[in-house]
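These notes concern the structure reproduced below.
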Amino acid sequence: MSEPLLQVTNLQKLFPIKKGLFRSTVGHVRAVDGVSFSVRAGETFGLVGESGCGKSTTGRSLLRLIEPTGGDIIFAGQDVRKMSRQNLRALRRQMQIVFQDPYASLNPRYTIKQTLEEPLLIHRLGHSSREREKRIEQLMETVGLSPSRMHRYPHEFSGGQRQRIGIARALAVSPQVIVADEPVSALDVSVQSQVLNLFDDLQKEFHIAYIFIAHDLSVVKHISDRIGVMYLGKMVELADADDLYHEPLHPYSQALLSAVPVPDPDAKRDRIILQGDLPSPANPPSGCYFHPRCKDAMDVCRLKAPDWQEVKPGHFTACHLYGHAKGGA
């Protein structure tokens, strides 16, 4: 087993709630609340959960696009949270992001050439304009676009083509890690598979590690090696993709997977309907955050937060069901 390229430990991001004339802090929104995981070189780590569970905040915190409140982010042996602004710029050459909305993430005033040339100029890659142009041509061909269209503007491209441009922009500086923040959720289903296949081909060619953020578990299964499931800012389960899909341990993971369509019309899957609404991260429930909606909740779930434990080799969860079972054995 190779050493992790990226190690995240107890990551936290709290947003202050301010009220009153003097804008006093009266509480915090616990957007990310003690998340830990690792990513190896060339691996795809999927991060899934409902909207508002903290997935995107986690991804942006890794690059310090949002400043984390606590925890450790170690990339290639370097402490990301302690980096100076100058060192952080160098880090961002190694860690890039592809945003969710291909319509909003590209500057409408820039041609595609200007969009792809910008990271090359920022990181001083390419000694001449001709050298940079060759790199832009190469990038466009890599993501399946004609270099002859580099002088056009974003509005002249479809949503799938714009997302390919966003991927090309991330690839421009040859990163080791790409955070893909719901990169296909704004695209038509027919285009999603093309973009996912592109991600897969690029990983095989360039050995890039992905942190792939999504709420659609069928999409994450297609591309991920390991998957972490988040609920209300916390990681509730982490396992290899096959293990998670064949034997989810946490009741929340089971509910999410029960909603994934099954291709076989003869196969049946019992649908688990979650009761109630997602609690507010500004005022989370006591004990296990999931207990108000959990069909298997016990008294201990209301009183004590469950420990993060390895139930099977490589399969982790935070659930009292397994601690309770062990205690009774």
Relative to a virtual label point 7 Å from the Cα of residue 277 in the Cα→beta-carbon direction, which members of the range 50-76 show backbone nitrogen distances below 18 Å?
50-54
So what's the gap between the Cα centers of the range 1-47 and the range 287-327, to the nearest angstrom?
21 Å
Could you give the nm distance between label points at residue 286 and residue 206, where each point is 7 Å from its Cα heading toward the beta carbon?
5.1 nm
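If one computes P(r) from the Cα atoms of the range 75-115, what percent of pairs lie at distances over 12 Å?
Values: 573 of 820 pairs.
Above the 12 Å cut-off, the range 75-115 has 70 percent of its Cα pairs.
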Point-to-point label distance, residue 299-residue 81, nm (Cα→Cβ direction, 7 Å offset)
3.7 nm
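Work the Kirkwood hydrodynamic radius out for the chain: mean of 1/r over every pair of different alpha-carbon atoms, inverted, in Å. Before the final figure, lay out the partial values.
Values: mean 1/r = 0.0469 Å⁻¹.
Kirkwood hydrodynamic radius for the chain: 21.3 Å.
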Could you compute the net charge surrounding residue 302? Neighbours are other residues with a C-beta less than 13 Å from the C-beta of residue 302; K and R count +1, D and E count -1.
0
Once the piece of chain linking residue 22 and residue 146 is laid out straight, how much longer is it, given 0.36 nm per residue of separation minus the C-alpha distance between them?
39.1 nm
At q = 0.20, 0.21, 0.29, 0.30 Å⁻¹, what is the base-10 log of I(q)/I(0) for the range 187-232 according to the Debye formula with one equal point scatterer per Cα and no solvent? Please give it to two decimals.
-0.71, -0.77, -1.21, -1.25
In which sequence would 148, 36 go, from the one with the fewest C-beta neighbours within 10 Å to the one with the most?
148, 36
Gained length - residue 260 relative to residue 310, 0.36 nm times residue gap less alpha-carbon distance
15.5 nm
Once the Cα atoms of helix 112-122 and of the chain are each reduced to a long axis, what angle between those two axes, in degrees from 0 to 90 to the nearest 10, is obtained?
80 degrees
Counting C-alpha atoms alone, how compact is the range 1-105: give Rg to one decimal and Dmax as a whole number, in angstrom.
15.4, 55
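Where a number appears in this text, it was derived from the coordinates with a stated rule and is not lab data. Source: prediction; values computed, not measured. Note that we place each Cβ from the backbone using ideal geometry, even for glycine, and neighbour counts take in every protein chain shown.
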